[in-house]
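Asks: Right, I'll just put the structure down here and ask away after.
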Amino acid sequence: MKFIKLTAISAAVMASTAAFAAEPVIVVDEADAMVYEAEPTAVAYEAEPVAVAYEAEPANTGIVGKTTGAVRNTTGAIFGGTKTLFNTAINPASVSAEAGTLGYGANIGWSLNEKTELQAGWAGGDAADLFGGDFDVDDVNYEVDSDFSNPYLGVQLRPASNWFTVGAGIIVPDNDIDIRANSENGSYKIDNVSYDSAEVGTLEGNIEHRNKLAPYATIGFRPNITNNFGVFGELGAAYMGKTDATVTATGTSDNAVAAAKAAETELENKDWLEWMPIVKVGATYRF
């Protein structure tokens, strides 16, 4: 607006100057032969206002604008990823029932891609009968009574994109394993020493593995029978850690106490007891 006012004033000044500077006008009267010189007349001109267009400069959002866009994009990515994860979690690809050395149980599977499936499951119960219900440690045979609880989280891979599978994961074991020694020919032979079973009485106790998390690995097969139904089998092992054994004798003699202590030591020194064999079969329904 100041620019418009200055333009109008300048135009008025220039017009006035031009009027005063005009050449005098000569008028000749034929009758009296008189010469008149016209007085210059000041003429005021009103200048038309000039419209001036101004181009507004864009607002400089700078870092704030870029930051807002980045926050918006990041928020969208987070919510998008969370939605995808949530949809995957509530829409499993398969459910399976299984029975094996870890117990009886079931698992749920989520397909991450054509070759990879994430699994979460549980197996437990009295699984001793599934592997014979007993085992031998050197010259002593032990009957087993078990109460297993083995929740696990793992992944199943199909490296050749066919029925062959490779599995790995973690078990969280909480297993009760009770044992009872069987005498042979009226004696227990422990660490090459024979103890009279009549004097020792019954040797019984339990074993416990130290690992709170037990890694496992398997190989197996998972053929599909129909579009929805399939079967599977797996072989492998889980590392349960060192074994702690507790054995007591019903006899009260020194030989009975010595036999119980020798049985504990013999059980704890067997490295193969640190491993839990995994043998299982089952059926799968795919959605």
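The values are calculated or read from the model by the stated rules, or taken from the named source; none is laboratory data. Nothing here was measured: the structure is a model prediction, and the numbers come from that model. Here Cβ is always computed from backbone atoms with ideal geometry, including for glycine, and neighbour counts include all displayed protein chains. Keep in mind that these areas ignore ligands, DNA and RNA; they rest on the heavy atoms of the full protein, side chains included. Shrake-Rupley method; radii C 1.70, N 1.55, O 1.52, S 1.80 Å.
Asks: Consider region 247-264. How many of its residues are touching a strand residue (DSSP E or B) at 6+ places or on another chain (Cβ under 7 Å) and open to solvent by 60 Å² or more (accessible area, probe 1.4 Å)?
Replies: Number of matching residues: 3.
Asks: Quick test for you: out of GLY121, GLY109, pick the one residue that is at negative phi, in a strand (DSSP E or B), touching a Phe, Trp or Tyr at 6+ places or on another chain (Cβ under 6 Å) and open to solvent by less than 70 Å² (accessible area, probe 1.4 Å).
Replies: Criteria check complete, one pass: GLY121.
Asks: Can you tell me how many residues within region 142-164 are part of a strand (DSSP E or B), open to solvent by 50 Å² or more (accessible area, probe 1.4 Å) and among the small types (Gly, Ala, Ser)?
Replies: Looking only at that region, the number is 0.
Asks: For region 121-146, which residues satisfy the criterion of being at pLDDT 95 or above and over 25 Å from THR265 (Cβ atoms)?
Replies: Those that are at pLDDT 95 or above and over 25 Å from THR265 (Cβ atoms): GLY121, TRP122, ALA123, GLY124.
Asks: Among (1) touching a Leu at 6+ places or on another chain (Cβ under 9 Å); (2) within 23 Å of ASN162 (Cα to Cα); (3) modelled with pLDDT of 95 or more, which single condition is ALA97 missing?
Replies: (1) is the only condition that ALA97 fails.
Asks: On the basis of being surrounded by 16 or more Cβ atoms within 10 Å (Cβ to Cβ) and out of contact with any helix residue (DSSP H, G or I) (no Cβ under 7 Å at 6 or more places or on another chain), does ALA214 make the cut?
Replies: Yes; evaluated as a whole, the condition is true for this residue.
Asks: Just one of the numbered conditions (1) without any contact (Cβ under 8 Å) to a residue 24 or more places away in the chain; (2) surrounded by 15 or more Cβ atoms within 10 Å (Cβ to Cβ); (3) in contact with a helix residue (DSSP H, G or I) (Cβ under 8 Å, 6 or more places away or on another chain) is not true of GLY186; which one?
Replies: Of everything listed in (1) without any contact (Cβ under 8 Å) to a residue 24 or more places away in the chain; (2) surrounded by 15 or more Cβ atoms within 10 Å (Cβ to Cβ); (3) in contact with a helix residue (DSSP H, G or I) (Cβ under 8 Å, 6 or more places away or on another chain), GLY186 misses just condition (2).
Asks: Continuing with the same structure: Would region 265-277 turn up any residue that is within 24 Å of SER96 (Cα to Cα), open to solvent by 50 Å² or more (accessible area, probe 1.4 Å) and either aromatic (Phe, Trp, Tyr) or assigned to a strand (DSSP E or B) (or both)?
Replies: yes
Asks: What pairs can you find where one residue is in region 146-169 and under 17 Å from SER96 (Cβ atoms), the other is among the β-branched types (Val, Ile, Thr) and assigned to a loop (DSSP other than H, G, I, E, B), and their Cβ atoms are less than 6 Å apart, with a gap of 6+ or different chains?
Replies: PRO151/VAL172
Asks: Separate question: In this structure, does ALA168 turn out to be in a strand (DSSP E or B), small (Gly, Ala, Ser), at pLDDT 95 or above and surrounded by fewer than 19 Cβ atoms within 10 Å (Cβ to Cβ)?
Replies: Yes: the conditions hold for ALA168.
Asks: Here's a follow-up. So which pairs qualify, if the first residue must be in region 102-118 and within 14 Å of PRO92 (Cα to Cα), the second must be at pLDDT below 95 and of a type in the set (A, V, I, L, M, F, W, C), the Cβ gap must be under 7 Å, and the two must be at least 6 apart or on different chains?
Replies: Close Cβ pairs satisfying both conditions: GLY109/ALA93; TRP110/ALA93; SER111/ALA93; GLU117/ALA93; LEU118/LEU112.
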